[in-house]
Structures are given as C-alpha cells and as structure tokens.
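A short write-up of the structure that comes next.
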Amino acid sequence: MPETAATVEFRGLRREFGPTVALDGLDLTARPGELLALLGPSGCGKTTALRMLAGFEHPDSGEVLVDGEDVTRVPAHRRDAGMVFQSYSLFPHLDALDNVAFGLRMRKVRTVERRARAAELLDLVGLADKGGRFPHQLSGGQQQRVALARALALRPRVLLLDEPLSALDAKVRLSLREEIRRLQQELGITTLFVTHDQEEALSMADRVAVMHAGRLEQCAPPSELYGRPATAFVAEFVGTMSRIPGRIAQDTVDVLGQRLPVDGPVPSATEVDVLVRPEAVRVRAETDGKSRVVATSFLGAAVRVTVRLADGTEVKADLPAHEAAGLTAGAVVGVSLPERPVLVAERTR
Amino acid sequence: MARLNLWRWGVLGLAGLYFLVPLAASVVFTVDVPGQGITFDAYTRIFATDGFVSSLLLSLELALATIAVVLLLMVPAMVALRLGAPRLRPVVEVVCSLPLVVPPIAFVAGIGTVLKWGPDHLSRTPLFETFVAIQNPDFPFVLVLAYVVMALPFVYRALDAGLRAVDVRTLVEAARSCGAGWPQALMQAVLPNLRGALLNASFLTLALVLGEFTVAQLLGFRPFAVWIVNVSGSQAQLSVAVSVLSLLVTWVLLLVLAGFGGRTRPTSRG
C-alpha cells in the first residue's frame with residue numbers, strides 16, 4: 001500500500017518519569033517493510049519507545065527519525081503512523097464501519113469514498129459483514145481486527161502494535177497473530193510490535209529487539225536470538241536456559257567433567273556459568289551417576305526433566321518421550337553436553 | 001416467581017399511592033369547586049395572573065444559561081483532570097462538593113454582602129457597571145453564577161460517572177493516531193461517549209434551577225419558584241393549581257431533554 005516502506009530510527013532516546021528511567025539511551029533501527037518486535041519484561045521501556053514513535057510521549061533527549069526525517073517535534077496526528085492499542089480503543093459510539101472511516105473523516109474524504117474504502121478494509125480483515133455492528137456487539141478478537149483496519153485506513157507509513165493480542169484468549173491470539181503477519185507481509189508496511197510474550201515475538205517478527213532497563217540488549221532475527229544470545233539477559237529471557245557452573249581453562253571451559261570450546265569471547269573470570277538450552281542437555285540413567293531427577297513434566301512430544309547436580313544446581317533437559325520413560329523423580333542419572341561450543345556468562349550468584 | 005411478582009406489584013402499588021394520592025388530591029382540590037362542580041377556572045386564572053409567563057420564561061432562561069456555563073466549565077476541566085493531573089481529582093471533588101455543605105442561606109448572605117460593595121466601594125470604577133449589569137432584573141446573571149456553584153456537586157458526580165465508563169486517554173490517543181487534532185479528538189471521540197452523562201448533568205441542573213427559591217427570593221428576583229410562593233399567599237386554590245402545573249412543566253421539560261438526547265445508548269460497555 002505505501003509506495004515505499006519507511007525506515008524508522010531511534011537515536012539515543014532518553015526518558016525519565018520521576019525517579020524511574022524508562023529509556024536510557026535507546027538506539028534502534030527498523031528496516032523498510034520489516035516486522036520488528038520489541039520484547040522485554042514489563043517496565044523495560046518498550047511501550048514508551050513505541051509511544052514516542054506515535055507521538056504520545058516526548059523524549060528528554062534523543063530523536064525519532066522516519067525515513068531520515070526528524071519527527072520528534074511533529075504532533076501525533078501528523079505522524080502518519082497507524083496504531084493498534086491493547087484493547088478497548090474503538091470508539092463506542094460508532095459502528096465498525098464508521099470506526100474504520102474515522103481517520104478518513106478527519107482528513108475530510110468525501111462520504112461515498114470513505115465508506116467504500118472502509119468497507120474494503122473491513123473485508124481485508126475478514127469482517128465485511130460486521131460493518132454495522134457496534135464495538136460492544138463484537139468479540140475481543142473482532143474488535144482488534146476492526147482496530148487494525150482503522151489503523152491501516154490512512155495508509156500509514158508505519159504500523160504500531162501495542163500488545164494487541166494480550167487481552168485475547170489463547171486460540172484467538174494464535175489466529176490473529178497469523179493474520180497480522182499475513183497482512184503485514186502483503187502490505188509490506190514497516191511494523192513495530194510491542195510484546196512481553198517471547199513466543200509471540202519469535203514466531204511473528206523478522207527481527208526481535210530485546211530490551212532491558214531502558215536499553216537495547218540485542219536486535220537479531222529470532223533464530224539468532226535463540227541460538228546465539230548476545231548477553232546473559234537475552235539468553236535467559238528468550239527461551240529456557242539453565243546455568244551450570246564451570247571453570248575457564250584458556251579458551252575452553254571445564255563443565256560436567258567435559259572440556260568444551262567457548263562460543264564467543266572468553267570472559268576474564270575463571271569461575272563461570274555455562275548456559276545451556278534444555279534440548280542440548282543429555283540425561284541418561286546411570287547407576288553410579290551423581291545427579292538425581294527432581295521432577296518430570298510431560299510436554300507432548302518431549303518430557304522436561306529437572307535434574308539436580310551433585311553441587312545442588314538444577315538443570316532442565318528436554319528428552320524425547322521414549323528416552324524419558326524410565327526417569328522418574330528420584331532416579332539416579334548422569335548429565336552430559338554435546339561436543340559443541342557453549343555459551344558462558346560470568347557467575348552471578 | 002409468582003410470589004415475587006406479587007411482592008413487586010405490591011411495592012410498586014404502595015410507592016405509586018405515596019406519590020399519586022397527594023397529587024390526585026391536589027388536582028381534585030383545584031378542579032372541584034364546592035357548589036360549582038368541575039371547573040378548570042383555577043388553571044385559566046393562572047395564565048391570566050400577572051407574571052406567570054415572564055417568571056417561567058426567566059426561570060427557563062436562567063436554567064439554559066446555567067447549564068451552558070456549568071458544562072463549559074466542568075467538561076473541559078474534568079477531561080483535563082483525567083488526562084493531565086489525575087492526582088488533583090480528590091481536590092476537585094472536595095471543592096465541587098462544598099456547595100452541599102454550605103447552606104443556601106449562608107451562601108446568599110455572602111453574595112448579598114459582595115453585591116453591596118458595588119455602591120459602597122466601587123462607584124467610581126468601571127466595575128460598578130458590571131455589578132449593575134449582573135443584577136439586571138430582566139436577566140439577573142448573578143443568579144446564573146450562584147446556580148452554577150450550586151449545581152457543581154451534581155454536575156461533578158454525573159460527569160465523573162460518565163468519564164469512569166470510558167477510557168478517555170485511549171480514546172483521545174486512538175483519535176489522534178487517526179489524524180485528529182486535540183479539539184477534534186475531544187469533540188468527535190470523547191464527547192459523543194459522554195452524552196448520557198451530559199444529559200444527566202443537564203437534567204439535574206434544570207431541576208435545581210426551576211425549583212430554587214432561597215437565593216432568588218433573598219436577592220429580590222422573581223423567577224418561577226418565587227412567583228409561585230408570592231401568588232399562593234393570596235389564593236389557596238390558585239396556588240395548588242400552580243404547584244400542579246409547575247410539576248407538569250418540569251416533567252415536560254425533562255421529557256423534552258430526554259427526547260433531545262435521542263437514541264441514547266448505554267455509554268458503559270456490556
């Protein structure tokens with residue numbers, strides 16, 4: 001829909017609310033036409049960043065650029081950014097069609113034209129027959145679809161999604177997730193998507209920006225974020241990660257009686273934690289093993305086994321259901337890692 | 001269920017009797033003149049009595065002006081309070097509730113004192129003219145000012161209830177991201193969803209102004225309520241007829257206002 005998709009750039013954004021620092025120098029660029037997810041725990045500043053792009057918040061310092069043009073001082077209604085809110089943002093006094101046409105009415109588009117365009121957009125989100133319904137007559141998922149159509153009505157250069165799925169139930173969330181992604185790719189519109197749900201971010205986004213305490217931790221495609229987390233925070237926030245104590249010896253690390261190469265820079269400290277994903281941990285029943293199974297939980301295709309090592313550390317491992325058959329709580333086991341480079345982080349405890 | 005229904009009808013009937021019996025008695029008293037049979041003489045005399053139309057019109061004008069002023073004052077203030085300074089809300093609530101605590105008699109004594117400053121201290125200043133102008137007996141604006149203050153508690157509560165039912169901040173932001181400037185966002189996204197609250201506030205203000213006696217009487221003006229009392233002193237039948245009529249007038253006005261509100265839908269979400 002937009003002739004050319006826009007580039008969005010945050011430069012050194014800083015914002016304080018009283019004593020709390022919401023944004024502490026955020027630098028981030030969204031490439032034209034990509035879906036960039038802002039992921040982080042609550043209070044990490046992701047929503048503040050989005051609202052700055054929408055024009056609802058103003059940075060104490062730093063700037064927001066769209067296609068290289070500084071929009072930091074441009075008021076919200078001239079920003080050319082469509083926004084979908086968490087929930088309940090439809091105008092209760094207007095029916096679905098008029099909600100979608102609201103922006104066009106503000107732009108003084110003629111009635112016939114704007115009704116046609118609004119109907120077209122409702123069709124795009126699969127609600128062509130619901131134009132006459134009022135928001136309170138629509139389900140939560142339908143309301144968010146209308147909100148999406150409304151956000152797209154003015155052909156914005158950027159689409160902003162502020163946790164649009166968080167108020168919906170699981171099933172609707174999944175289907176709407178796919179639909180948003182489909183629309184976004186069809187329209188090729190640069191989209192920023194704020195979420196605290198890592199699964200949502202990993203499954204939808206072209207790239208995910210993980211934020212923590214007002215700063216960017218890492219911005220990378222989902223597979224890279226999962227496989228090669230740049231920081232310990234990312235490693236533990238995205239997916240499940242266990243820490244196993246190890247010792248650095250030159251550029252290798254001694255862990256669980258194995259000597260494995262270190263992935264990435266080697267920390268200066270010798271006492272480190274090795275970070276491992278549950279699917280990379282091997283657990284085998286061994287009569288002379290030093291570890292014990294603490295708990296198992298059935299996940300479907302796999303069984304997640306929690307093992308307590310000799311030194312008391314707990315490690316999570318995902319095993320195929322048939323391998324985990326004999327492992328019940330209390331079973332004596334041996335734990336090992338595959339012969340691959342491992343991530344290490346300085347010990348925090 | 002049958003028993004419950006019986007109870008309901010019983011309670012409704014009792015409440016109805018409580019309201020309707022005195023009303024019916026009043027009506028009967030005015031139309032059934034001993035020795036003459038049924039006659040509407042009392043009602044026709046009302047229209048002939050000097051001051052009926054003018055005092056009623058004055059009351060209506062005062063009510064309209066009060067509604068306009070109090071809404072123009074309170075709606076922007078309360079929306080701003082929601083958006084900009086939620087922590088000031090208790091302060092505003094207390095200020096708006098004060099007129100309930102101050103008796104009208106004390107209130108009017110204060111106003112009277114201030115109005116006396118005009119001739120006493122300000123006779124050489126342009127302010128004197130202002131003091132004269134607001135006491136113009138054809139349209140005493142000083143009454144509008146007083147009624148605005150007296151209506152504050154009711155208007156505050158009505159608007160507060162309306163604003164609670166909508167997420168003003170999100171509505172404004174949604175409108176702004178759709179390309180609406182601030183005034184447009186307020187007029188087209190927030191106000192239509194406050195229609196119920198605005199109507200309620202107008203109802204209460206209208207009823208208050210039509211029935212207000214103390215302030216108007218003590219400041220020496222003659223709106224409808226004062227006129228009724230003045231008339232009733234001399235003719236018993238006439239005064240009751242006027243009361244019945246004033247009740248009907250108020251009802252009709254409230255119905256008109258409700259009709260004006262038109263297709264009112266509940267502002268709250270289901």
Please identify every one of the trypsin sites (Lys or Arg not before Pro) in the stretch A:180-258 that sits in a loop by DSSP and has no more than 11 other beta carbons within 10 Å of its own beta carbon.
none
Estimated translational D of the protein assembly as shown in µm²/s (Stokes, Kirkwood radius over Cα pairs; 25 °C; 0.890 mPa s)
80 µm²/s
Proximal lysines relative to A:K290, as straight alpha-carbon distance under 26 Å, when same-chain residues fewer than 8 apart are discounted:
A:K316
On Cα atoms only, tilt of A:111-124 relative to the major axis of chain A in degrees
20 degrees
Per 5 angstrom bin, beginning at 0 and ending with the bin that holds the maximum distance, the Cα pairs of chain B fall in percents of 1, 5, 10, 12, 13, 13, 13, 11, 9, 7, 4, 2, 1, 0, 0, 0
Give the distance, in whole Å, between the Cα centre of the stretch A:148-202 and the Cα centre of the stretch A:81-124.
17 Å
Fewest to most neighbouring Cβ within 10 Å: what's the order for A:S61, B:S232, B:S59, B:S177?
A:S61, B:S232, B:S59, B:S177
Within chain A, excluding any GluC sites (Glu not before Pro) found in a DSSP loop (not H, G, I, E or B) and having at most 14 other Cβ atoms within 10 Å, the longest uninterrupted segment runs A:4-285
q = 0.25 Å⁻¹: log10 I(q)/I(0) that the Debye formula gives for the stretch A:45-130, counting C-alpha atoms only
-1.19
What is the calculated FRET efficiency for A:A249 to A:R182, with r their C-beta to C-beta distance and R₀ = 51 Å, to the nearest 0.05?
0.50
Cα centroid separation - the stretch B:7-53 against the stretch A:12-65, whole Å
70 Å
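Every number here is computed from the coordinates shown, using simple stated rules; none is lab data. Given the structure is predicted, the values throughout are model-derived calculations rather than measurements. Reconstructed Cβ throughout: ideal geometry from the backbone, glycine too, with neighbour counts over all protein chains shown.
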